[in-house]
1. When you go through (1) within 24 Å of Glu21 (Cα to Cα); (2) at pLDDT below 95 one by one for Pro117, which number turns out not to apply?
2. Check whether at least one residue in the range 139-146 is out of contact with any helix residue (DSSP H, G or I) (no Cβ under 9 Å at 6 or more places or on another chain) and assigned to a helix (DSSP H, G or I), and report yes or no.
3. Pick out the one residue from Asp43, Asp62 that is without any contact (Cβ under 8 Å) to a residue 40 or more places away in the chain, under 16 Å from Ala166 (Cβ atoms) and assigned by TED's automatic domain parsing to the domain that holds Ser11.
4. For Asp49, state whether it is among the acidic types (Asp, Glu), touching a residue at least 24 places away in the same chain (Cβ under 8 Å) and closer than 22 Å to Phe151 by Cα.
5. Among the residues of the range 94-106, are any over 24 Å from Gly156 (Cβ atoms), in the same structural domain as Arg161 (by TED's automatic domain parsing), among the hydroxyl-bearing types (Ser, Thr, Tyr) and surrounded by 13 or more Cβ atoms within 10 Å (Cβ to Cβ)?
6. Of the numbered conditions (1) outside any helix (DSSP H, G or I); (2) within 22 Å of Thr159 (Cβ to Cβ); (3) free of Cβ contacts under 8 Å to residues at least 40 places away in the same chain, Asp77 satisfies every one except a single condition; which is it?
7. Quick check on the range 9-21: of everything there that is at pLDDT 95 or above and over 15 Å from the mean Cα position of the chain (by Cα), which residue is farthest from Gly155 (Cα to Cα)?
8. When only residues in the range 80-114 that are assigned to a loop (DSSP other than H, G, I, E, B) and hydrophobic (A, V, I, L, M, F, W, C) count, which is farthest from Arg20 (Cα to Cα)?
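The values are calculated or read from the model by the stated rules, or taken from the named source; none is laboratory data. Note that the structure is predicted; figures quoted are calculated from it, not measured. Using ideal geometry, Cβ is built from the backbone for each residue, glycine included, and neighbour counts are taken over all protein chains shown.
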Amino acid sequence: MMTHYTLFGTSLGRCVVIWRENRVVGFQLPERSDAATITRVRDLFPEADQIEPGPLPRRVIDGVTALLRGEPDPLTDVELDLTSRPEFDRRIYAVARAIPPGRTLTYGDVASAVGVPGGAQAVGQALGRNPIPILVPCHRVLAAHGAVGGFSAAGGAVTKRALLAAERVPGFDDPTLF
């Protein structure tokens, strides 16, 4: 099975969608440069080759760019391949994927939803391993009392806040000092 990727521009910078056949296997948010972003992709998917996008990656590109323009697109029609992920992580990702644009849950909410009350830290760790951010919208999971919490993508909490602001989550579209 061939793995492919394509780089595309967004309001956050240039992202990468990675796919095999008809399923997305990865998504890379922008690093400090295109070269750094592609290096990260090649580290995770060394066999991947860069090609022009067909229908599946084009759907992802259109959906992500629309979402970042403030047009709510849950992207739940896009098929993902998470078979390489642990079963616990896949359960967490299913809950995160069901959170609609503009809404959030807490790490504790997600832990309860998968039957692990008190498992907020385990949820955070699973989301930190998320190979398909935005399509598995880990940015929609917050710490207790609406605090941003962590975010493992480049830019950390600043990127998470930008994603939430693009989705018009109340309290995140306010200007910040940083």
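1. Answer for Pro117: the failing condition is (1).
2. yes
3. The unique qualifying residue is Asp62.
4. No: the conditions fail for Asp49.
5. Within the range 94-106, none of the residues are over 24 Å from Gly156 (Cβ atoms), in the same structural domain as Arg161 (by TED's automatic domain parsing), among the hydroxyl-bearing types (Ser, Thr, Tyr) and surrounded by 13 or more Cβ atoms within 10 Å (Cβ to Cβ).
6. Only one criterion is unmet by Asp77, namely (2).
7. Among them, the one singled out is Arg20.
8. It comes out as Val114.
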